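*Asks:* I am attaching a structure below and will ask some questions about it afterwards.
Readers should treat all values here as calculations from the given coordinates under stated rules, not as data from a laboratory. None of the values given here were measured: they were computed from a predicted structure. Cβ sites come from the backbone with ideal geometry, for glycine too, and all protein chains shown count toward neighbours.
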Amino acid sequence: MSLPHIRPAEWIVCEQTSRWASALRRALESGDTPHRLRELRHLAELDAEFAVRPSALAAIEVDRGNFAQLLAWLPTARERHVHARCVALVDRSLAEELDEICDALVEAGAQAIATSPRRLEAVVGLGTQHAKIAANTNVNASFVDQVWASLPWQRA
């Protein structure tokens, strides 16, 4: 249940099916951070979605079909969408090269990686932390003011 005075965490799940989104919904329901989850089917739609939701966290399914495209997109997305975060949801078809795939994704800019819909702890943890920071961040404030707002103590 969402409290009206708490801004919900914005999640965007980009995948071909709803397998990851369903698992993520279940994992988020057990927490106490209110959330909104939106589903997209194509990586090309994410830039437009970040324009509307600049502090969103995108959970992107990675498979053989989009791996190269995602590796090219992640570093530039980090520059274009400084308040957003991206996590990778690795499809089981990549299990044989999992270590190399995960290394490449982290190098490209994925902040967390899930390798199974049953193991979303790192992704949900990052999302919860990001939501708390985003709730206190004014995207129109200067960089210095945003940094001060994110610190556990405040300047006098």
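*Asks:* From the phi angles alone, apply the Karplus equation (6.51, -1.76, 1.60; θ = phi - 60°) to segment 70-78 and give each ³J(HN,Hα) in whole Hz, x where the residue is Gly or Pro.
*Replies:* Per residue, the Karplus-derived 3J(HN,Hα) values read 5, 4, 6, 6, 4, x, 6, 5, 4 Hz.
*Asks:* With label points built 7 Å along Cα→Cβ from the Cα atoms of Ser22 and Ser142, find their separation and express it in nm.
*Replies:* Modelled inter-label distance: 5.1 nm.
*Asks:* What base-10 log of the normalised intensity I(q)/I(0) is obtained for segment 1-109 from the Debye formula, alpha carbons as equal point scatterers, at q = 0.10, 0.17 Å⁻¹?
*Replies:* The computed values of log10 I(q)/I(0) come out as -0.29, -0.83.
*Asks:* Sticking with this structure for a sec: Taking 0.36 nm per residue of sequence separation and subtracting the Cα-Cα distance, how much length would be gained by fully extending the chain between Arg64 and Lys132, in nm to one decimal?
*Replies:* So the chain would gain 21.1 nm between Arg64 and Lys132.
*Asks:* Can you figure out the FRET efficiency of Asp103 with Asp32, using R₀ = 41 Å and their beta-carbon distance, to the nearest 0.05?
*Replies:* The formula returns an efficiency of 0.75 here.
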